[in-house]
1. Would you point out which residue out of Leu84, Leu113 is without any contact (Cβ under 8 Å) to a residue 24 or more places away in the chain, within 30 Å of Ser167 (Cβ to Cβ) and in contact with a Lys or Arg (Cβ under 9 Å, 6 or more places away or on another chain)?
2. Looking at (1) surrounded by fewer than 20 Cβ atoms within 10 Å (Cβ to Cβ); (2) in a strand (DSSP E or B), which is the one condition that is false for Gly283?
3. Do you know which residues across segment 179-216 are part of a helix (DSSP H, G or I) and in contact with a helix residue (DSSP H, G or I) (Cβ under 8 Å, 6 or more places away or on another chain)?
4. Would you mind finding the one in Leu152, Leu160, Leu104, Leu148 that is crowded, with 20+ Cβ neighbours inside 10 Å and within 16 Å of ligand 2 (Cβ to nearest atom)?
5. Among the numbered conditions (1) open to solvent by less than 70 Å² (accessible area, probe 1.4 Å); (2) farther than 24 Å from Ser293 by Cα; (3) under 18 Å from the mean Cα position of the chain (by Cα); (4) of a type in the set (Gly, Ala, Ser), tell me where Ala32 comes up short.
6. Provide a single number: the residues in segment 35-76 that are within 16 Å of ligand 2 (Cβ to nearest atom) and open to solvent by 30 Å² or more (accessible area, probe 1.4 Å).
7. Which of the residues belonging to segment 39-63 are more than 7 Å from ligand 1 (Cβ to nearest atom), part of a loop (DSSP other than H, G, I, E, B) and among the small types (Gly, Ala, Ser)?
8. Can you name the strands (runs of 3 or more DSSP E) wholly within segment 226-269 that have at least 3 residues being over 17 Å from Pro307 (Cβ atoms) and not hydrophobic (A, V, I, L, M, F, W, C)?
Amino acid sequence: MKLPKDIYTLENVKYAYGEKRALSVEKLSVEASSIVGLMGPNGSGKSTLLKLLAFVEKPTSGKILYKGKPAAPFSRSVRFQVTLLTQDPYLMRRSVFDNIAYGLRLRGDREHLDERVAEALSMVGLGPEFARRSSRELSGGEAQRVALAARLALKPEALLLDEPTASVDARSGQFIREASLNARERWGTTLVIASHDLQWLHGICDRTCHMHRGVVFGTGLETLVFGPWRRLSENRWAKDIDEDRKIVVTAPPSEDAAAVLGWEKIRLSDAASRADGENCVKGVVSRLAFQKSADRIVGTVVAGNVPFTVRLSEDQITRSGLIPGKEVYISFKPDDAEWISG
Ligand code: ADP
Ligand code: MG
């Protein structure tokens, strides 16, 4: 039987907590064995989407197909194949071994537990001696890696990670990255990962997307400028990015809509541009991250309170000496902004 190319297909999926709408996804597909990154501000719906993809919650309406078929929470097709690492994973107050073996035992999979626990530990960079430790004797980073090891022991088809590096040190972040890439390489695991750590995320994902007010969009390379917008004239609205500087856009659909600027709309230069009516603001390169999927560098340039996302070739970086800390000018036209009102 030929398996569908997409492990997940979502159609018109909505989710609400009581009256509060948290998610509205018209269409989204996730290719099997890909690594997809979700970025977006707090409350944008990342955790909610991951819970639906993990089949721990049911959408309020709409359809989620798993490998081309509808699947429901706890149904056999997903029960041990799909696993979610929540933001504050719960470890039982028992040994690391018991924590990691738990899912395998639950599945009735009791053979060679020692080896399999040791293997899962080694994937997250922890030695076999950790198995005997109590879960209470772990640092934050170790606990997160043990929680991940417990999921890896299941060799899942889909592994969903909610802010996996939020409270860990850089080294643990590195191990979590390695383990994720390994799972994909060894078992063809599909990963969907929500993270605020854009540098980390860009370094691991094949594809990223933004979330805002429950809507999924874009390529993750957009700059989002949040309202409220202040009216200047009929078709010019402003957002103050600090005390004495603003950026100007065309009329938003509502005062608190978010403006979206694709990376291709943003130009960088060493000197202020004089083009009429264009936005031109001075910013500082704050970081550069290698974007695995495109063999490009994704940069963040902060101007006032807005982090602009730009994409650069290595050549561009060398030529203009764009290292973190360097000042550059960002320009774009008022009508370059697209809108999401959510
Ligand atoms: P994110 O993970 O991107 O921060 P969430 O998916 O946690 O976003 O939240 C999306 C929206 O749903 C937010 O507005 C949040 O306040 C709301 N929400 C999340 N969990 C609950 C809950 N248990 N009860 C009510 N509202 C919730
Ligand atoms: Mg969240």
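1. Details: Leu84 fails: without any contact (Cβ under 8 Å) to a residue 24 or more places away in the chain.
Matching residue, one of Leu84, Leu113: Leu113.
2. Gly283 satisfies every listed condition except (1).
3. Scanning segment 179-216 gives Ala179, Asn182, Ala183, Trp200.
4. After ruling out the rest, the residue left standing is Leu160.
5. (2) is the only condition that Ala32 fails.
6. 7
7. Across segment 39-63, the qualifying residue is only Ala54.
8. Filter on segment 226-269 gives 230-233.
The values are calculated or read from the model by the stated rules, or taken from the named source; none is laboratory data. Note that the structure is predicted; figures quoted are calculated from it, not measured. Quick reminder, even Gly has a Cβ in these numbers, built from the backbone with ideal geometry, and neighbours come from all protein chains shown. With ligands, DNA and RNA removed, areas are computed over all heavy atoms of the protein, side chains included. Shrake-Rupley method; radii C 1.70, N 1.55, O 1.52, S 1.80 Å.
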